[in-house]
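Below is one structure, written out as structure tokens; comments come after it.
Quick note: the coordinates plus some simple rules give every number you see, no bench work behind them. Note that the structure is a prediction, hence the values are computed from the model and not measured. Quick reminder, even Gly has a Cβ in these numbers, built from the backbone with ideal geometry, and neighbours come from all protein chains shown.
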Amino acid sequence: MLDIIAAFLCITALLAYLNRRYVGLPPTIGVMAIALVLSLLNMALDKLGFHALHTYEQSLLKSIDFSELLMQGMLSLLLFAGALHINLSHLRAFRWQIASLAVVGTTLSTLFIGYALWYLLALTDLDLPLVYCLVFGALISPTDPIAVQGILKSAGAPESVELVISGESLFNDGVGVVLFSLILAMIASGNSPTVLGASELLLKEAGGGALLGAVFGFVVYRMLKSIDSYHEEVLITLASVLGGYALATHLHVSGPLAMVVMGLIVGNQGRSHAMSEQTEKNVDMFWELLDEILNAVLFVIIGLEVVLIHFSNALLATGLMVIVLTLVSRLLTVGAPIALLGERFRLPKGSWSVITWGGLRGGISVALALSLPHGDARDIVVSLTYLVVVFSILVQGMTIGKLVKRVIPCRDKS
């Protein structure tokens, strides 16, 4: 395990250096782009008869369980770090906008993408059952808070727009995971879900996760308030995140939502009433550094994962259609409501296009796809997911800043 960790950290450090020194892209985009290019070159060398590097890369990637690594390891730290810096009073001002986009938007997007994909596949040679099309809709509809926050930092988006996108992405992944779990349960049982069953699962997963996060957040807040020593306080936040996520997993409630709620409480109540200036500075520095390192490692792994994906001409053609489909879904379920209800959403003119294009997919979608039972359907879903994620990060991520400057020329200070 130590060798694997050392290998990925060394690769990430080298690619981060190359990006900073020669390429100059935003960190998450840069390391992923370089990793993807190197992997494609490695695949080309393998076709020419040079197998050593390709074999090593495959064995290195197969030695880790990406789904387990992200969902049970990195995700808790990244979500807490993201929520830690969100101003709750500002978030509360957009609470119904964020809630409607996260819950209603994600649910409608899951259904739209699932059924549209099922009809699109009739035009191709690929065969994917309707239930797996809905699974794909559930895992690809939520925007990834890790990808969104990492790229929005350098996009220059207005504060209100950035807050809505970040808030939506922090909560809609919890909704997406619940929908994903519901459809998987339907696959396993062979029965269609009932409204009562779906409501019970939503209450347990989402409500239980939020409650657990609130309890942990309050306990951590009281502990931080009772002492003034940043060494112990940093340790307390780290232990609470890892311990809280592990407990959420054992209780079968939403770990992502628990981390978001705990991060909001510690980042707001803790920052205002329980941390000294020195503690706040060191806690922020620790979590920002950890966030940057884990983000870089995550996106390097996504870039390298291309060597494990089995593509075909039919898959590539379908992938292009699915990329368009996900953008259309985002436009219909998020962009259109914001455009039509612009005044009620209290966002700058043109925000609908930024929020539509800024709905990035990332590692969470890939991890959920890889967690599916092995089979032909899983291979198709994983391949389509990977194509959407790569397009999302590289194309949407690299152009969102220019879009912001073009459609919202004056930065919103609200």
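Points to keep in mind about this one:
- Dipole magnitude of the chain, debye to nearest 20 (Cβ charges: Lys/Arg +1, Asp/Glu -1, about Cα centre): 1180
- Directionally averaged shadow of segment 294-414, computed from the convex hull of its alpha-carbon atoms, nm²: 9.2
- Bins of 5 Å, starting at 0 and running to the largest distance - Cα pair percent for segment 247-361: 2, 8, 9, 10, 12, 17, 18, 13, 7, 3, 1, 0
- Inter-label distance, Glu68 to His250: 1.9 nm, where each label sits 7 Å from its Cα along the C-beta direction.
- Under a Gaussian network description of the chain, with springs only between Cα atoms under 10 Å, the residue in Ser254, Ser76, Ser240 that fluctuates furthest is Ser240.
- Secondary-structure-derived ellipticity at 222 nm for the chain, considering helices only, amounts to -22500 deg cm²/dmol, per-run term -39500 (n - 2.57) for DSSP H runs with n ≥ 4.
- Distance between segment 95-117 and segment 227-306 - C-alpha centres, whole angstrom: 28
- Projected label points at Ser272 and Ala99, each 7 Å from Cα along the beta carbon direction, are separated by 1.9 nanometres.
- Mean Cβ count within 10 Å, highest first, over the residues of peptides 119-127, 92-100, 301-309: 301-309, 92-100, 119-127
- Cα gyration tensor shape for the chain, rounded if a/c is under 1.5, else prolate or oblate: rounded
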